[in-house]
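Heads up: the structure comes next, in structure tokens.
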Ligand code: SIN
């Protein structure tokens, strides 16, 4: 792309800041940039902007309760000592002001309290040494995201476009100038002073995930293809307790925090044989233990009978969902691990800046270093909020530069929808078999071969077509290969990257010596 005037035949937009993605991180970035006086364009491929992972978050948002060092210690310990202490400092130092100023004072979110007008009902989740999680029932995400989106809709300098997919970033000489959107089949340019990616997770790469459909790693793939650095892509986190049905849904760690226990098919509690903290051990440990017990005994259930108050009273939304799906929670809820969160992503600094000028990344698609090899529960909303605000502020003040851009080719007839679905099926089969909870070097090597072949086929089609489903497939294959390559390069087990055939000590063992 050359620096010149835009193609005269092409319509374009030129906001100060383009934000891609409408979860908590994208909303926070848009808010902060708008507060700096910037014109912000927020685009989401979802037909309803609340269809983001943030809306599905259950447990809540971790806070420091006046003791940032204790939260920092728990984050680092849960990460098997691999989290970046400087990034964690940024998180814990900014947590209280971000939650207070944005969530409570600006959005008016009423987190659960012990009694009317009393202190907050801080919850406990796995690997937290204290009760410190603010929540609304166990459906905290929707109680944050929906007010956030409605607040943004009242701000005159934010425009929100739904059902709009970003296809490619516009890059010129190491600087990102915006993105091509699918509002034109050949890519409608948005020339932005700064571009902030907040595209969420990668659930579509696995057979079972707690993410909404459409979590195809778009931001990571676009950034990588434009030349940005990525980091820690091998660390894919599985949640231990998703309901074991075809269309799984999450049972928050908060259920175990309130006393729920895990039992195998013989009715035995087994977690204390795996970790001193039993059901409240770090997430990767519980997830592998649950998988082991399913394989050894046939099933694992979450027994909610030990909860102090009844399950319906403590978790009314989860109880209602169980009821809708025909699950009698009094019998114990069948659970199995499920892909949940990517700890790695686009490498960013403390302000969300990527290795490309004027490109930022925030939320799950970004790698801040906070999570290391395993994320502590209820830190993802907090990370999205803190880095979103920091990136939005930092991104202010750059002028958009319209350029002459090449149009994308959309010359061949559209493929039937089942084309992408079949290839996605192949991708998910490989990823679930070889890059899941337990990995082997042989399995990773074979996955890399399969994924490269798949990408070759997909690239042949995306060269001449721009449909959303093909681009999602392209993005998913790019991200899958990044995960497989990073897994192949990491010969030591750590957190979510667990190698069955490695003789090397794990990161936790090395840290303990
Ligand atoms: C949960 O509620 O267990 C999920 C929270 C999280 O992923 O941090």
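None of the figures in this text is laboratory data; all of them are computed from the coordinates on show. Being a predicted model, the structure only gives us computed values, none of them experimental. With ideal geometry, Cβ positions are generated from the backbone for all residues, glycine too; neighbour counts draw on all protein chains shown.
If I take R0 = 22 Å and measure r between the Cβ atoms of residue 186 and residue 401 in this structure, what FRET efficiency does the formula 1/(1 + (r/R0)^6) give, to the nearest 0.05? Display every interim value, and only then the final one.
Numbers: r = 21 Å, r/R0 = 0.94.
That pair, residue 186 with residue 401, gives E of 0.60.
So if we plug the beta-carbon distance of residue 70 and residue 418 into 1/(1 + (r/R0)^6) with R0 = 41 Å, what FRET efficiency do we get, rounded to 0.05? Provide the component values of the computation, followed by the final result.
Values: r = 52 Å, r/R0 = 1.26.
Calculated value: 0.20.
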If you consider only alpha-carbon coordinates, what radius of gyration and Dmax does the stretch 171-240 have, in Å? 14.5, 44
Using a basic spin-label model with each label point 7 Å from the Cα along Cα→Cβ, how many nm lie between residue 463 and residue 101? 5.1
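How do 382, 155 line up, fewest other C-beta atoms within 10 Å first?
Details: 382 26, 155 14.
Exposure proxy ranking, most exposed first: 155, 382.
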For helix 441-462, report the angle its Cα long axis makes with the longest principal axis of the Cα atoms of the chain; keep it between 0 and 90° and round to the nearest 10°. 30
In square nanometres and to one decimal, what's the mean projected area of the convex hull around the Cα atoms of the stretch 111-270? 14.6
Gap separating the Cα centres of the stretch 36-53 and the stretch 431-466, nearest whole Å: 30
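Pulled fully out, how much extra length does the chain show between residue 162 and residue 130, if you take 0.36 nm times their separation in residues and subtract their Cα-Cα distance? Walk me through the numbers before you get to the answer.
Numbers: separation 32, 0.36 × 32 = 11.52 nm, distance 3.96 nm.
Additional length available on full extension: 7.6 nm.
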Under a point spin-label approximation (7 Å from Cα along Cα-to-Cβ), what is the residue 425-residue 323 distance to one decimal in nm? 3.7
Which number do you get for Rg(Cα) / (2.2 N^0.38 Å) in the stretch 325-412? 1.63
Take the Cα radius of gyration of the stretch 329-484 and divide it by 2.2 N^0.38 Å, with N its residue count; two decimals is plenty. 1.28
Two pseudo-spin positions, 7 Å from Cα along C-beta at residue 155 and at residue 442, lie apart in nanometres by 5.4
Measure nothing fancy, just the Cα-based angle from helix 283-297's long axis to the longest principal axis of the chain, in degrees from 0 to 90, nearest 10. 60
State, in angstrom, two size descriptors of the stretch 227-361 derived from its alpha carbons: Rg to one decimal place and Dmax to the nearest whole number. 17.9, 57
Work out, step by step, the length gained on full extension between residue 489 and residue 118: first 0.36 nm times the residue separation, then minus their alpha carbon distance; give nm to one decimal. 128.4 nm
For the chain, take the longest principal axis of its alpha carbons; what is the angle in degrees between that and the long axis of helix 140-152, to the nearest 10 within 0 to 90? 30
Taking 0.36 nm per residue of sequence separation and subtracting the Cα-Cα distance, how much length would be gained by fully extending the chain between residue 500 and residue 229, in nm to one decimal? 94.7 nm
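Exposure proxy check: 79, 139 ranked by fewest other beta carbons within 10 Å? Could the numbers behind the result be given before it?
Values: 79 30, 139 22.
Placing the least packed residue first, the sequence is 139, 79.
Of the beta bridges DSSP finds with both residues in the chain, what % are antiparallel, to the nearest 5? Walk me through the numbers on the way to the answer.
Values: 32 of 53 bridges.
Of the beta bridges lying entirely in the chain, close to 60 percent run antiparallel.
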Just from the alpha-carbon atoms, what are the Rg and Dmax of the chain in angstroms? 22.1, 71
R0 of 41 Å, Cβ-Cβ distance residue 313-residue 411: FRET efficiency to nearest 0.05: 0.10
Where the centre of each part is set by its Cα atoms, how far does the stretch 148-176 sit from the stretch 259-297, in angstrom? 43
